[in-house]
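The values are calculated or read from the model by the stated rules, or taken from the named source; none is laboratory data. If you're wondering where the values come from, they're calculated on a predicted model, not measured in any experiment. We place every Cβ from the backbone using ideal geometry, glycine too, and count neighbours over all the protein chains shown. Side chains are part of the model used for accessible areas, which takes the heavy atoms of the whole protein and leaves out ligands, DNA and RNA. Shrake-Rupley method; radii C 1.70, N 1.55, O 1.52, S 1.80 Å.
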Amino acid sequence: MKTVLMSGGSSGIGKAIKERLTCEGYTVFNIGRREADIVCDLRDGETLESVVKAWLKEHDVHVLINCAGVGLFDPHETISPAKIKNLIDVNLTAPIILSSLCLRALQKTGGHIINITSVEATRHAKYSALYTATKSGLRDFGFCLFEEVRKSGVKVTSINPDITQTPFFDALHFAPSDDEQTYLLPQTIAQSVLDVLHVKGTITDMTIRPQKVGIAKK
């Protein structure tokens, strides 16, 4: 039985991933503030370090999935320093810390790190400077880390979903349109995670997009 440590498993894409992997026989531990198996604020680096180190003393880890994320799409001059820090802490700093903490354990198991980034990590869009910086940073971190650890047997994958029907958009000023061809379902991303885990080689990067483009303004 393989053990998964993941962030963001309480809602949206992360919840779908946790449910899918659990159905396939993986033991999945979600770390976060809400509905988590391991309760910890991902923005608190010191607590995150102590909590994960304690967990690793009791568990092997075969897969690390960095899925927690927050969105913000506003003119950059309107974004406060506190919001900038929050976005970077959750979307970029926490995954990098978790990867560092788990890497020796993953080397022992020949494990896999999967970063759920965003299609925004692959392009440049208006009002997305901050969000894109965090997601493209995570994607490039994954590329570099794979080159560093591939000899030890550790795989690293970035999955870049386009617009997906989840609560991610609840606090934003836009959302997926009503046309089912313009958005992805979280279960699609979850299946892709499972597919990536079963590949003999390493898929380092995967972008998943709906067939059509369309959003609804709130």
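Using a Gaussian network for the chain with springs between C-alpha atoms less than 10 Å apart, which of these wobbles most: Ile96, Ile159, Ile31?
Ile96
For the chain, what proportion of DSSP beta bridges, expressed in % and rounded to the nearest 5, is antiparallel? Don't skip to the answer; put the middle values down first.
Details: 3 of 28 bridges.
The answer is about 10 percent antiparallel.
Would you calculate, for the chain, the mean residue ellipticity at 222 nm contributed by helices, counting each DSSP H stretch of 4 or more residues as -39,500 (n - 2.57) and dividing by all residues, to the nearest 500? Walk me through the numbers on the way to the answer.
Working: 6 runs with 84 residues, N = 218.
Here the helix-only value at 222 nm equals -12500 deg cm²/dmol.
Restricted to Cα positions, what overall size does region 110-205 have along the principal axes? Three whole-Å values, descending.
The principal-axis extents, from largest down, are 44, 28, 18 Å.
Among Ala105, Ala94, Ala121, which one shows the biggest mean-square fluctuation in a GNM of the chain, springs joining Cα atoms closer than 10 Å?
Maximum fluctuation in the GNM of the chain, among the listed residues, is at Ala105.
Carbon and sulfur together cover what percent of the accessible area of region 166-218 at a 1.4 Å probe radius? Don't jump to the answer; show the numbers that get you there.
Details: 1750 of 3320 Å².
Carbon plus sulfur share of accessible area: 53 percent.
Skip the ligands, DNA and RNA, and give the accessible area per residue of region 110-218 with a 1.4 Å probe, whole Å². Each step should come with its number before you reach the end.
Numbers: 5530 Å² over 109 residues.
Per-residue value: 51 Å².
Region 48-125: which trypsin sites (Lys or Arg not before Pro) are DSSP loop and have at most 13 other beta-carbon atoms within 10 angstrom? Mind showing how you got there, number by number?
Working: sites: Lys53, Lys57, Lys83, Lys85, Arg104, Lys108, Arg123; in loops: Arg123.
The qualifying sites are Arg123.
By the gyration tensor of its Cα atoms, with a ≥ b ≥ c the square roots of the eigenvalues, what is the shape of the chain: rounded for a/c under 1.5, prolate for a/b over b/c, or oblate?
Working: a/c = 1.62, a/b = 1.36, b/c = 1.19.
Here the chain falls in the prolate category.
Please report the spacing between the Cα centers of region 149-218 and region 1-38 in Å, no decimals.
Computed from Cα coordinates, the inter-centre distance equals 16 Å.
Could you work out which residue, out of Pro186, Pro81, Pro161, moves most in a Gaussian network model of the chain, that is, has the largest mean-square fluctuation with Cα springs under 10 Å?
Maximum fluctuation in the GNM of the chain, among the listed residues, is at Pro81.
Based on the alpha carbon coordinates of region 1-107, what radius of gyration and maximum Cα-Cα distance (Dmax) apply, in Å?
Taking only Cα atoms of region 1-107, I get Rg and Dmax of 14.5, 49 Å.
Would region 83-138 count as rounded, prolate or oblate if I go by the C-alpha gyration tensor, calling it rounded below 1.5 in a/c and otherwise prolate when a/b exceeds b/c, oblate otherwise? Walk me through the numbers before you get to the answer.
Values: a/c = 4.82, a/b = 1.99, b/c = 2.43.
Verdict is oblate for region 83-138.
Using DSSP to call loops (not H, G, I, E or B), can you name the GluC sites (Glu not before Pro) in region 1-101 whose Cβ has at most 15 other Cβ atoms within 10 angstrom? Spell out each step's value before the answer.
Working: sites: Glu19, Glu24, Glu35, Glu46, Glu49, Glu58, Glu77; in loops: Glu24, Glu35.
Loop-located and lightly packed - Glu24, Glu35.
Could you sort out which of Lys108/Lys155; Lys108/Lys200; Lys126/Lys212; Lys57/Lys151 sit more than 22 Å apart by Cα distance in this structure?
Numbers: Lys108/Lys155 12 Å; Lys108/Lys200 18 Å; Lys126/Lys212 19 Å; Lys57/Lys151 25 Å.
The answer is Lys57/Lys151.
What does the accessible area per residue of region 1-90 come to in Å², with a 1.4 Å probe and no ligands, DNA or RNA counted? If you can, show how the numbers build up before the last one.
Values: 4620 Å² over 90 residues.
Here the residues of region 1-90 average 51 Å² of exposed surface.
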